[in-house]
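**Student:** First, the structure itself, so that you have it in front of you.
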Amino acid sequence: MRRILIGAIGLLLFGVVAARGRTDPLAFVFLRVDREHDVAILRPMIAPDIGAQLDSGPRELKLGTVLQCASSLREHDAIVETQIAKVTDLVLNCGDHKFVVKSLDFNPRRK
């Protein structure tokens, strides 16, 4: 259930980013680290809190730090529990820190 919720939030965030059509940086506030799930909890200014994996950079951030982030997408195919899926990564490049929000699509549209 948690994966579905995180995936839905990620897709919502992808839609907002795509709908904006501009390359303005996104602003996030670092809230805390959820050590159980190994994700940083960020508060975007345009959507509810999201869980993002730290891709690179220092592991320590001060609470309430405002992050100006550029976003990009990475896509690749994967086999998840014997099903073919499309994995989409929203990469948030926030200067010294880089975060990744992942989503899975088990019904990818083939071109």
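**Student:** I'm trying to understand the selection: among the residues of the stretch 73-111, which are within 15 Å of F28 (Cβ to Cβ) and not aliphatic (A, V, I, L, M)? Walk me through how you get there before you give the answer.
**Tutor:** Going residue by residue through the stretch 73-111, those that are within 15 Å of F28 (Cβ to Cβ) are 90-101.
Result: N93, C94, G95, D96, H97, K98, F99.
**Student:** For K102, which of the numbered conditions (1) more than 14 Å from the chain's Cα centre (by Cα); (2) on the phi < 0 side of the Ramachandran plot; (3) at pLDDT 80 or above fails to hold?
**Tutor:** Tallying (1) more than 14 Å from the chain's Cα centre (by Cα); (2) on the phi < 0 side of the Ramachandran plot; (3) at pLDDT 80 or above, K102 fails exactly one: (1).
**Student:** While we're on this one: Which residues, taken from the stretch 73-98, are in a strand (DSSP E or B) and open to solvent by 60 Å² or more (accessible area, probe 1.4 Å)?
**Tutor:** First pass over the stretch 73-98, keeping only residues in a strand (DSSP E or B): 73-80, 83-94, 97-98.
Passing the criteria: L73, R74, E75, H76, D77, I79, Q83, I84, N93, K98.
**Student:** Quick check on my filter: what residues within the stretch 15-57 are part of a loop (DSSP other than H, G, I, E, B), open to solvent by less than 70 Å² (accessible area, probe 1.4 Å) and modelled with pLDDT of 85 or more?
**Tutor:** G57
**Student:** Just wondering, is there one or more residues in the stretch 58-77 that are modelled with pLDDT under 85 and under 30 Å from N107 (Cα atoms)?
**Tutor:** yes
**Student:** A follow-up question, please. I'm told L61 meets every condition in (1) open to solvent by 70 Å² or more (accessible area, probe 1.4 Å); (2) outside any strand (DSSP E or B); (3) aliphatic (A, V, I, L, M) except one. Can you identify the failing condition by its number?
**Tutor:** L61 satisfies every listed condition except (1).
The values are calculated or read from the model by the stated rules, or taken from the named source; none is laboratory data. The structure displayed is predicted, hence computed values, not measured ones. Because the Cβ atoms are built from the backbone with ideal geometry, glycine has one as well, and the counts that use them run over all protein chains shown. Ligands, DNA and RNA are stripped out before the accessible areas are found, and what is left, the full protein with its side chains, is counted by its heavy atoms. Shrake-Rupley method; radii C 1.70, N 1.55, O 1.52, S 1.80 Å.
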